[in-house]
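Undergrad: Attaching a single structure in structure tokens format; questions to follow.
The values are calculated or read from the model by the stated rules, or taken from the named source; none is laboratory data. Computed from a predicted structure; not experimentally measured. A quick note on method: Cβ atoms are made from the backbone with ideal geometry, for glycine too, and the neighbour counts reach across all protein chains shown. Please note that ligands, DNA and RNA were not included when accessible areas were found on the heavy atoms of the full protein model with its side chains. Shrake-Rupley method; radii C 1.70, N 1.55, O 1.52, S 1.80 Å.
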Amino acid sequence: LAVLRENIERIRSKLNEKEKYILEHRLLSDEPMTLQEIGNHYGITREAVRQVEARLMNRLKNEFETSIGIRDSDDE
């Protein structure tokens with residue numbers, strides 16, 4: 001859990017406003033907002049929010065894998 005928190009804090013400074021909002025209000029929240037609610041907040045579609053969320057999840061995944069030394073099978 002500590003490694004997870006460290007990685008989230010490390011990447012947080014690299015995120016834009018929407019990504020930080022999605023991270024806090026959807027991914028880390030005990031009562032996550034819906035895609036529609038976040039879309040309404042920013043005046044964008046649910047699909048646009050979903051795409052930002054997907055990119056954010058990829059960034060988080062890559063950060064975690066890098067921090068624990070996991071390499072893609074293509075790297076071998």
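Undergrad: Only helices (runs of 4 or more DSSP H) wholly contained in segment 7-76 count here; list those with 3 or more residues that are under 14 Å from the mean Cα position of the chain (by Cα).
TA: The helices (runs of 4 or more DSSP H) meeting that bar are 17-22, 46-68.
Undergrad: Ok, one more. Being open to solvent by less than 70 Å² (accessible area, probe 1.4 Å), at pLDDT 95 or above, closer than 24 Å to GLU9 by Cβ and not β-branched (Val, Ile, Thr) is the requirement here; does LEU23 meet it?
TA: For LEU23, the condition - open to solvent by less than 70 Å² (accessible area, probe 1.4 Å), at pLDDT 95 or above, closer than 24 Å to GLU9 by Cβ and not β-branched (Val, Ile, Thr) - is met.
Undergrad: For the list (1) open to solvent by 90 Å² or more (accessible area, probe 1.4 Å); (2) at pLDDT below 90, I need the number of the one condition that PHE64 fails.
TA: (1)
Undergrad: List pairs: first in segment 33-60 and within 23 Å of LEU4 (Cβ to Cβ), second open to solvent by 50 Å² or more (accessible area, probe 1.4 Å) and in a helix (DSSP H, G or I), Cβ under 7 Å, 6+ apart or cross-chain?
TA: MET33/HIS25; MET33/ARG26; ILE38/HIS25; ILE38/ARG26; VAL52/LYS18; GLU53/ARG26
Undergrad: Does THR45 satisfy the condition of being polar (S, T, N, Q) and at pLDDT 95 or above?
TA: Judged against the criteria, THR45 is a match.
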